[in-house]
Amino acid sequence: MINTPTETNLDTVQASPKMAARGVNVYYGDNHAIKDIDLNLYADEVTSLIGPSGCGKSTFLRCLNRMNDTIPICRVSGQILLEDDDIYTSGIDVVQLRARVGMVFQKPNPFPKSIYDNIAYGPRIHGLAAHRTDLDEIVTTSLEKAGLWQEVKDRLDTSGTALSGGQQQRLCIARAIAVNPEVILMDEPCSALDPIATAKIESLIDELSGRYAIIIVTHSMQQAARISRKTAFFHLGEMVEYGDTTEIFTSPKEDRTRDYITGRIG
Amino acid sequence: MTDRSKITTVNSSVPTDWKSDAMQARIGRRYRRERIFRSLGLAAVVISVLFLVFLLGNIVKNGAYGFMQTSVSLDVTFNADLLGDPSVLSAEEFTEKVRKTNMLRLIQASMRDLFPDVKGRRDTRALLRLVSTGARAQLRDMILANPSLVGNTERVELLTSDDIDQVIKGNIDITLAEANRKVKDKELSWLKTLQDDDRISLDFHSQFLTGGDSREPELAGVWGAIVGSALTLMVTLVTAFPIGLFAAVYLEEFAPKNRFTDIIEININNLAAVPSIVFGLLGLAVFLSVMGMPRSAPIVGGLTLALLTLPTVIIASRASIAAVPPSIRDAARGLGASPMQVVFHHVIPLAMPGIMTGTIIGMARALGESAPLLMIGMVAFIVDIPGSINDAATVLPVQIYLWADSPERAFVEKTSAAIMVLLFFLIAMNGVAIWLRQKFEQKW
Ligand SMILES: Nc1ncnc2c1ncn2[C@@H]1O[C@H](COP(=O)(O)OP(=O)(O)OP(=O)(O)O)[C@@H](O)[C@H]1O
Ligand SMILES: [Mg+2]
C-alpha cells in the first residue's frame, strides 16, 4: 500500500503518503463530479492536477481541506487521510484541519486590511504567537519565504489590496505559510497573472516544495512539467492516470492522457 | 448558427450603404427619439424640483417667523417693598418671597407710568394682556438670578402676547372691522404708542429651541419634543440595531435554506411594507396592555418604532452582508477561521458601512413617524422636558401634529418652524448616512 506499482522504478523510496484519497466520490446533488478516486500525495513534493475544464480538479482539491463543506448540495463519500486520520470522520476539527492544510485560491484574495494584518491573521486566530515580537517574526519570515519581503518591507501597514496581482498572490501564499501548514493546496494560482509574476510564483513553489506537500491545479502543461514531480490527469470526474510528471508527458500510458496532452481533448 | 452565417454571407456580398436615404432617415429617427427621451427626463426632474422648492419655500416662509418673537421694553421698578430686601432677608426667605410675589404688579406699575390715562379695571387688564403671561416667570427668574436688581429701575425686554406678536408680524389684518378681529382698536393704539416710543422689537427667540410645549404660542418650544425624539430613537436604535444585525447575520450566514427560512424571509419583506399605524396597534396591545409599560413614554414609543425599523435594518444588513465577496470568506475559512470568526472578523466589519447606512435610514424613518405613536398615547400635551425613557414625552412629528391642530394663529408659524427643525435632523441623518457610505465604500 505504501508504493503504487508505477512508483517502484523511482530512485527514491517513498515514505508513507502525507495525504491519501481512498475511493472518493463527490456529488453535487445528482451530479457525480468525482468518481472513485484513489490518490497518494507525498510530503516534500509537488503534485499537479491537470485535466480539461469541469473535470473536477477544483472539487477534488477542495475535498482535501473540506472547503466543500460550505456547499450545501455537496456530498463526499470515501476516505481522505491526513497522515493516518480520516478527515471526514465526525471527530475531526475542521478549523485545525484547515490550519494544517492551507489553500491558495485562483484569484488573489487578500483581506482588505494591512499587509501585516493579512499575514498575522492566521497566527492570531490559532494563537501561534505569544508576543508581538513573535508575530513580527512570523510576518517577516513568511514574507521572506514568499519572496515578497524586499518589495513590501517598508509599507507593511498599507492595504494588501493595493498590491499588484502577482504581489497579492504571493501575499496570499505568505498568508497560508504563516500558519505553518503541512500541505498547501493551490487552485490555478497563476491563472490571473502575467508571465513574470507566474515565473516568480513558480520559483517560489519550487523553493517551498522541500518543506510542504504542495498540490497544484493548473491548466498549463508547461507549468506542470516545470514545477511538479507527480502529475494526475483527471477527465470527466475520473482520475485517468497518475505518475511521474516526466513519464506522463513523454510516455503516457492512457490514450486519453495522450489526447489531452497533445491538445485533442480539452 | 447556420442562420447567422447565411445572413453574414448575404450581407457581406453587398457592402452596407451608410449614406443611403433610408439609412440617414433611420439615424435621424434615432437622434430624435434620444432627444425626446432626454427632454422627458429633464421635465420630470424639473417638475419634482419645482414641487420641492415650493414645499420648502412655503415651510421656510411660514416658519422663519416661528423662530422670532416680539418683545416690549418696559422700565420695571424692582420694588423692595413688594419683593423683600435681599440684604435683610436670608437667601431662602428672599427666594420664597419672590416666588410668592405677583410679578404682574411690577408690570402694572411700569405700564401705569407709560399710560397714565388708562383707568378702569377692564382697560387695565387689557393693557396688561399686551404682555405675555410668560413675562411673570421671566421677571421672577431675572430677580432670582440677580437679587441686586431689587430697589432699582431697569429697562427689561418682556415677551408680548401672541396676538400683539401676530400684529407685528403682519399676520392679523388690522383693516378689518373691529368686531371681526381679535386685537381691538384700543390695543392697537397702545401698541402704536409703544412703537413710537421704540419699545417694540422683533428678535430671535431662543426659547423656541430650548423650551417645552406651552398653551401660549409665544412660550412654546420644541426642546421637549427634541429630547423626546432623541430618547425614543435611542431606545429604537438600542433594540433594532443589534436584533436586526444578528437576525441578518443568522439568516445570511448560518440559516439552512429551507421552506421555513423562506417563509421568514418573505414575511420580513412583507413587514417592511406594513402601514406604520399597524405597528402602533401592536405596540398598544403588547407593550401597554400585556406588559403594562407606562403610557406616552419614550421606552414604549422606541420599542414600537423598533418593530417598524427592524425590517428595514434586516433587509439593508442582509444586502450588505451578501455583498461581501465570497472570496473573502473563502480566504478566512482556508486559514482555519471558524464560522463565527469569519463573520465577526471579516463579514461584519466589511458590511458595517452598509449596515449603518441602512440603520440610519431606518432611524430617519422612525424619526418622522407619528401615526404609531398616536396609538400608544405619545400625543399628550407635555410641558416638562422628559428626563428619562419612562417619563411622559412627545416627539417632533407629534408636536407638529399637535400644533397644527391648535386654534391660535401664532401656532401656524410654530408648526412650520418645528417642521424645519425636524427636516434639519432628517437631512443631517441622511447626510451622515451618505458620508458613511462614501467614506467606507469598499472597492474589490
Ligand atoms: N458549487 C457547485 N455546485 C454545483 N456543481 C458544482 C459546483 N462546483 C462545481 N460543480 C460541478 O462539478 C463539476 C466539476 O467542477 P470543478 O469546478 O471541480 O471543475 P474543474 O476541473 O476545477 O474545472 P476548471 O478547470 O474549469 O476550474 C462540474 O460539472 C461543475 O459543474
Ligand atoms: Mg477549477
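Straight-distance candidates among the aspartates and glutamates for linking to B:K186, with alpha-carbon spacing under 20 Å and chain neighbours fewer than 8 residues away dropped: B:D113, B:D117, B:D123, B:D162, B:D163, B:D165, B:D173, B:E178, B:D196, B:D197, B:D198. Pull out a ≥ b ≥ c, the square roots of the eigenvalues of the alpha-carbon gyration tensor of segment B:52-146, then state rounded if a/c is under 1.5, prolate if not and a/b is larger than b/c, and oblate in the remaining case. It comes out oblate by the Cα gyration axes.
Under the criterion of Cα pairs below 8 Å and six or more residues apart, the relative contact order for segment B:302-356 equals 48 percent. Along each principal axis, taking the top coordinate minus the bottom one, the Cα set of segment B:289-443 gives 69, 38, 23 Å in descending order. Remark: mean inter-chain Cβ contacts per residue of A:70-77 equal 1, using a 10 Å Cβ-Cβ cutoff to other protein chain atoms. Working note: Karplus 6.51/-1.76/1.60 with θ = phi - 60° gives segment A:142-149 the couplings 5, 5, 5, 4, 7, x, 10, 4 Hz, where Gly and Pro are set to x.
Within chain A, the longest run free of GluC sites (Glu not before Pro) that sit in a DSSP loop with at most 15 other Cβ atoms within 10 Å is A:84-253.
The B:E154 and B:K184 beta-carbon pair, evaluated with R₀ = 35 Å, returns a calculated FRET efficiency of approximately 0.70. Taking the 1.4 Å solvent-accessible surface of segment B:223-440 as the whole, the part contributed by carbon and sulfur is 71%.
Which trypsin sites (Lys or Arg not before Pro) does segment B:88-158 hold that lie in a coil by DSSP with at most 14 other beta carbons within 10 Å? Counting only loop positions with at most 14 other Cβ atoms within 10 Å, the trypsin sites (Lys or Arg not before Pro) in segment B:88-158 are B:K119, B:R129.
With each run of n ≥ 4 DSSP H residues scored as -39500 (n - 2.57), what mean residue ellipticity at 222 nm is computed for chain A after dividing by its residue count and rounding to the nearest 500 deg cm²/dmol? Could you put the intermediate results ahead of the total?
Working: 10 runs with 91 residues, N = 266.
Theoretical 222 nm ellipticity from helices: -9500 deg cm²/dmol.
With all projection directions averaged, the alpha carbon convex hull of segment B:67-210 covers 9.5 nm².
Here segment B:372-444 was treated as a single set of alpha-carbon atoms; its pair distances binned every 5 Å from 0 give 3, 14, 17, 17, 16, 12, 8, 6, 4, 2, 1, 0 percent. For the set A:S209, A:S191, the ranking by accessible area, highest first and with no ligand, DNA or RNA atoms included, is A:S191, A:S209 under a 1.4 Å probe.
Separation of segment B:308-367 and segment A:177-244, taken as the distance between their Cα centroids, equals 35 angstrom. Given the protein chains as shown and a 1.4 Å probe, how many square angstrom of A:M239 are accessible, to the nearest 10? That residue has around 50 Å² of solvent-accessible surface.
Per residue, the accessible area of segment A:19-261 comes to 40 Å² when a 1.4 Å probe rolls over the protein heavy atoms.
The candidates B:F51, A:F105, A:F249, arranged from most to least accessible area with a 1.4 Å probe in the full protein assembly, appear as B:F51, A:F249, A:F105.
Which loop trypsin sites (Lys or Arg not before Pro) in segment B:345-444, with loop taken from DSSP, have no more than 14 other Cβ atoms within 10 angstrom of their Cβ? Spell out each step's value before the answer.
On the way: sites: B:R365, B:R409, B:K414, B:R437, B:K439, B:K443; in loops: B:R409, B:K443.
Answer by residue number: B:K443.
So what is the relative contact order of chain A, in percent, for Cα pairs below 8 Å that sit 6 or more residues apart? Don't skip to the answer; put the middle values down first.
Values: 482 pairs, mean separation 70.8, N = 266.
Reported as a whole number, the value is 27 percent.
With θ taken as phi - 60° and the Karplus curve 6.51 cos²θ - 1.76 cosθ + 1.60 applied, the whole-hertz 3J(HN,Hα) list for segment A:99-108 is 6, 7, 10, x, 9, 10, 9, 4, 9, x Hz, x standing for glycine and proline. In the structure shown, do any of A:K200/B:K257; A:K18/A:K153; B:K97/B:K414; A:K57/A:K145; B:K61/B:K192 have a Cα-Cα gap over 32 Å, and if so which? Check vs 32 Å cut-off fails for A:K200/B:K257; A:K18/A:K153; B:K97/B:K414.
Per the Kirkwood definition applied to all pairs of different Cα atoms, how many angstroms is the hydrodynamic radius of segment A:19-261?
Working: mean 1/r = 0.0542 Å⁻¹.
About 18.4 Å, per the Kirkwood formula over Cα pairs.
Based on the Cβ-Cβ distance of B:V290 and A:N31, what FRET efficiency does E = 1/(1 + (r/R0)^6) give at R0 = 60 Å, to the nearest 0.05?
Details: r = 52 Å, r/R0 = 0.87.
The calculated FRET efficiency here is 0.70.
Full extension of the segment from B:L176 to B:L426, taken as 0.36 nm per residue of separation minus the current Cα-Cα distance, would add 85.9 nm. Considering chain B, its Cα convex hull presents a mean projected area of 39.9 nm².
In percent, what relative contact order does segment B:67-210 have, based on Cα pairs under 8 Å that are 6 or more apart in sequence? Relative contact order for segment B:67-210 comes out at 43 percent. Only protein heavy atoms count here, probed at 1.4 Å, and on that basis chains B and A bury about 1500 Å² of accessible area in total. When chain A is treated as a Gaussian network with alpha carbon springs shorter than 10 Å, the biggest mean-square fluctuation among A:D30, A:D38, A:D244 belongs to A:D30. Only helices enter the 222 nm calculation for chain B: every DSSP H run of n ≥ 4 contributes -39,500 (n - 2.57), and dividing by all residues gives -20000 deg cm²/dmol, rounded to 500. Annotation: amide H-H contacts under 5 Å for A:G78 (H modelled 1.01 Å from N, sequence separation of 5 or more, or interchain): A:N25. What residue among B:T239, B:T175, B:T304 has the largest mean-square fluctuation in a Gaussian network model of chain B, using Cα springs under 10 Å? Maximum among the listed residues: B:T175.
The amide H of A:M103, built 1.01 Å from its N in the peptide plane, has A:L185 as neighbours under 5 Å, considering only residues 5 or more places off or on other chains.
Counting Lys and Arg as +1 and Asp and Glu as -1 over every other residue whose Cβ lies under 13 Å from the Cβ of A:H131, the net charge comes to -1. Rounded to two decimals, the Cα-based Rg/Rh of segment B:208-303, with Kirkwood Rh, is 1.13. Global size of segment A:133-243: 15.1, 49 Å for Rg and Dmax (C-alpha atoms, Rg to one decimal, Dmax whole). Do you know which residues of segment B:323-338 lose at least 10 square angstrom of accessible area in the protein assembly compared with their chain on its own, with a 1.4 angstrom probe? Relative to the lone chain, where solvent access is computed with a 1.4 Å probe, segment B:323-338 loses at least 10 Å² at B:S327, B:I328, B:D330, B:A331, B:R333, B:G334, B:L335, B:G336, B:A337, B:S338. The phi torsions of segment B:168-176, fed into the Karplus equation with coefficients 6.51, -1.76 and 1.60 and a -60° offset, translate into couplings of 4, 6, x, 8, 10, 7, 7, 7, 5 Hz, rounded to whole numbers, with Gly and Pro shown as x. Between B:T160 and B:T70, B:S71, B:V72, B:S132, the built amide H atoms are under 5 Å apart, and every one of these is 5 or more places off in sequence or on another chain. The shape of the protein assembly as shown comes out prolate: with a ≥ b ≥ c from the C-alpha gyration tensor, a/c is at least 1.5 and a/b beats b/c.
For segment B:211-286, trypsin sites (Lys or Arg not before Pro) are listed when DSSP marks them as loop and at most 16 other Cβ atoms sit within 10 Å of their Cβ; the list is B:R215, B:K257. Shielding value for A:105-117 is 3, the average number of Cβ atoms from other chains within 10 Å of each residue's Cβ. Accessible surface computed residue by residue for segment B:26-137, with neighbouring protein chains in place and a 1.4 Å probe, gives 67 Å² per residue.
The values are calculated or read from the model by the stated rules, or taken from the named source; none is laboratory data. Only a predicted model underlies this, so the values are computations on that prediction, with no experimental measurement involved. Every residue, glycine as well, gets a Cβ built from its backbone with ideal geometry; the counts of neighbours run over all protein chains shown. Only protein heavy atoms, including side chains, enter the accessible area calculation; ligands, DNA and RNA are left aside. Shrake-Rupley method; radii C 1.70, N 1.55, O 1.52, S 1.80 Å.
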